[in-house]
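Student: Right, I'll just put the structure down here and ask away after.
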């Protein structure tokens, strides 16, 4: 019983190894959260600094247009023929020449272990092409009223 009390007393004393076991995972977690955000912020600032007239861009709201004029903090974006809107530079998320972030291969650090990188490519190559979507416009029938009961119009009764 005396040895058990000695072990408890040793664990309650300031053992630096026990403190490191707690601090290192938290430090690693914070590092893994901060570094990608810094890279993304730097990439966004580089994009904003390199904007020039004639580039086709996508805003954070999903508006696609061509830059006509670049001001200090604003960009004149032509979204249709003779339709120009002014948008804040910070709202431009990407150019159309770079791939969509949702379509980028995501594997991350552990993608190879869990199959995040190559699984999508294997299914895409073996799948059949998608059929073309055919849409048709449905128009209401002429001559009948909208308040009909059992196929009879209001004028029949």
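A short reminder: the numbers here are calculations on the coordinates, not readings from a lab. If you're wondering where the values come from, they're calculated on a predicted model, not measured in any experiment. With ideal geometry, Cβ positions are generated from the backbone for all residues, glycine too; neighbour counts draw on all protein chains shown.
Student: Is any residue of the stretch 13-42 close enough, with backbone N under 20 Å, to a label point placed 7 angstrom from the Cα of residue 93 along the Cα-Cβ axis, and if so, which?
Tutor: 36-42
Student: Once you have a ≥ b ≥ c as the square roots of the Cα gyration tensor eigenvalues for the stretch 13-101, tell me rounded if a/c is under 1.5, and otherwise prolate or oblate according to whether a/b is larger than b/c.
Tutor: Here the stretch 13-101 falls in the prolate category.
Student: Arranged from highest to lowest average of other beta-carbon atoms within 10 Å per residue, in what order do the peptides 89-97, 31-39 appear?
Tutor: 89-97, 31-39
Student: Further, regarding this structure: Work out the FRET efficiency for residue 80 and residue 28 from their Cβ-Cβ distance, taking R0 = 41 Å, and round it to the nearest 0.05.
Tutor: 0.25
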